[in-house]
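Undergrad: Pasting a structure here, questions to come.
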Amino acid sequence: MAALCGKRTVSRVWQLAAALALTLASLACARAEVSPAQAAALELERGIELQRGGHLDQAASAFDSAISLDPDNPEAYARRAFAHIVREDFTRAVANLNLALDIDPDLALAHRYRGLVFAMRDNHGQAIIALTRAIELAPSAVGAYTDRAAVYYDSGDAESALADIDRAAALDPENAALLLTRARVHLTLGDTDSAEDDLHRALSLSRDESIASAARELLSAIR
């Protein structure tokens with residue numbers, strides 16, 4: 001009986017070992033079947049997450065890897081351009097944006113980032129043209145509206161800025177930072193009631209103490 005149990009145990013061990021070997025082989029095959037474009041997409045996503053976390057150098061390296069794996073990926077060039085914009089390296093940013101738009105002339109993200117470059121160079125007219133094109137291509141992209149609003153505001157057109165922020169707020173109604181920005185524009189236009197409404201709503205929504213503090217400070221100034 002003991003011998004029989006021992007044989008069964010050995011057999012079970014071999015079955016488990018064979019199953020594990022098959023699983024490892026399947027995983028190896030799956031890795032081997034990942035195309036360069038798929039690997040590039042993974043690197044691109046990794047870079048976006050790193051960029052959101054403020055790890056710009058690592059993000060730029062991930063975008064480099066994505067481009068190396070898939071040189072025809074326009075978003076990778078646009079994302080790398082933004083990393084250069086943050087560093088205020090506008091020459092490299094423009095070069096990357098041009099490459100992105102050569103591949104896909106209708107890439108909204110590239111037009112948006114071109115608008116940022118123009119805005120940071122105080123070329124408000126060209127910035128508005130580029131950001132308007134980004135909005136035409138991606139009308140549900142909140143960032144393009146807020147970027148264009150900032151350009152309008154900086155150029156002294158608070159009413160157009162407010163119109164864009166209203167559109168952005170309609171798309172993202174629980175964005176406390178957006179409400180804080182709109183409150184400031186309302187104050188510029190002398191509409192303290194609307195500003196106060198936005199500030200109270202921002203306070204109720206915000207989990208960011210810096211936004212809450214700014215909202216409380218503006219409310220105190222209004223009162």
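Undergrad: So if I check each of 52, 79, which one is under 15 Å from residue 114 (Cβ atoms) and basic (Lys, Arg)?
TA: 79
Undergrad: Here's a follow-up. Select, from 205, 187, 199, the only residue that is in contact (Cβ under 8 Å) with a residue 12 or more places away in the chain and closer than 29 Å to residue 138 by Cβ.
TA: Going through 205, 187, 199 in turn, just one is in contact (Cβ under 8 Å) with a residue 12 or more places away in the chain and closer than 29 Å to residue 138 by Cβ: 205.
Undergrad: Another question, if that's okay. Here are 66, 37, 76: which of them is in a helix (DSSP H, G or I) and at pLDDT below 90?
TA: It is 37.
Undergrad: Sort through 102, 106 and tell me the only one that's outside any helix (DSSP H, G or I) and over 27 Å from residue 210 (Cβ atoms).
TA: 106
The values are calculated or read from the model by the stated rules, or taken from the named source; none is laboratory data. This is a predicted model, so every value here is computed, not measured. As a convention, Cβ positions derive from the backbone with ideal geometry for all residues, glycine included, and neighbour counts pool all protein chains shown.
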